[in-house]
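*Asks:* If you scroll down you'll find the structure; I have some questions about it.
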Amino acid sequence: MVTNWVISAMECRVHEENMDDVVIIVHWRFQGNEIHDEKDYFAETYGATSVGMPDPENFTPYDQLTEEQVVGWLEAELDVPAMTASLQENIDLQINPVVVTLPPAWQQNV
């Protein structure tokens, strides 16, 4: 399974301790996909994670943040192995379902 992060938005304090646009919450999606028998299966989870206040000595201005830096914040706060396992379980159930939704039997031949 291949996983990737999508950063949807970042909430910021406008001004904090001589720093501008300080990220306080990151809105994210964590996605996984796998090709099985030439069919692409997809799963995702999403959330919003608070990040700690930065050290003013090592503050990166908002317009200089990189995706890798923000993903690093998330990976430091979240249980990525458990999230990855959950995505894999979702995809496995798509490939080999244990529950299906069927129409009422009396309507199947209509």
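The values are calculated or read from the model by the stated rules, or taken from the named source; none is laboratory data. These numbers were taken from a predicted model, which means no experiment stands behind them. Ideal geometry is used to build each Cβ from the backbone, glycine not excepted, and the neighbour counts take in all protein chains shown.
*Asks:* For region 7-37, what are the residues that are farther than 17 Å from residue 53 by Cα and surrounded by 14 or more Cβ atoms within 10 Å (Cβ to Cβ)?
*Replies:* Listed by number, the residues that qualify are 7, 28, 30, 31, 32, 33, 34.
*Asks:* Oh, and also: Look at residue 81 and say whether it is farther than 26 Å from residue 33 by Cα and not small (Gly, Ala, Ser).
*Replies:* Considered against the rule, which asks whether it is farther than 26 Å from residue 33 by Cα and not small (Gly, Ala, Ser), residue 81 comes out as no.
*Asks:* Could you tell me which residue of region 38-60 is surrounded by the most Cβ atoms within 10 Å (Cβ to Cβ), considering only residues that are in a loop (DSSP other than H, G, I, E, B), free of Cβ contacts under 8 Å to residues at least 12 places away in the same chain and not small (Gly, Ala, Ser)?
*Replies:* 60
*Asks:* Give me a count of the residues in region 61-70 that are of a type outside the set (Phe, Trp, Tyr) and surrounded by 13 or more Cβ atoms within 10 Å (Cβ to Cβ).
*Replies:* 2
*Asks:* I would also like to ask the following. List the pairs whose first member sits in region 63-78 and is more than 17 Å from residue 22 (Cβ to Cβ) and of a type outside the set (Asp, Glu), whose second member is at pLDDT 95 or above and surrounded by 11 or more Cβ atoms within 10 Å (Cβ to Cβ), and whose Cβ atoms are under 7 Å apart, counting only residues at least 6 apart or on separate chains?
*Replies:* What qualifies is 71/5; 78/49.
*Asks:* Looking only at region 11-29, decide whether some residue is charged (D, E, K, R) and under 30 Å from residue 94 (Cα atoms).
*Replies:* Yes, there is a match, as at least one residue in region 11-29 is charged (D, E, K, R) and under 30 Å from residue 94 (Cα atoms).
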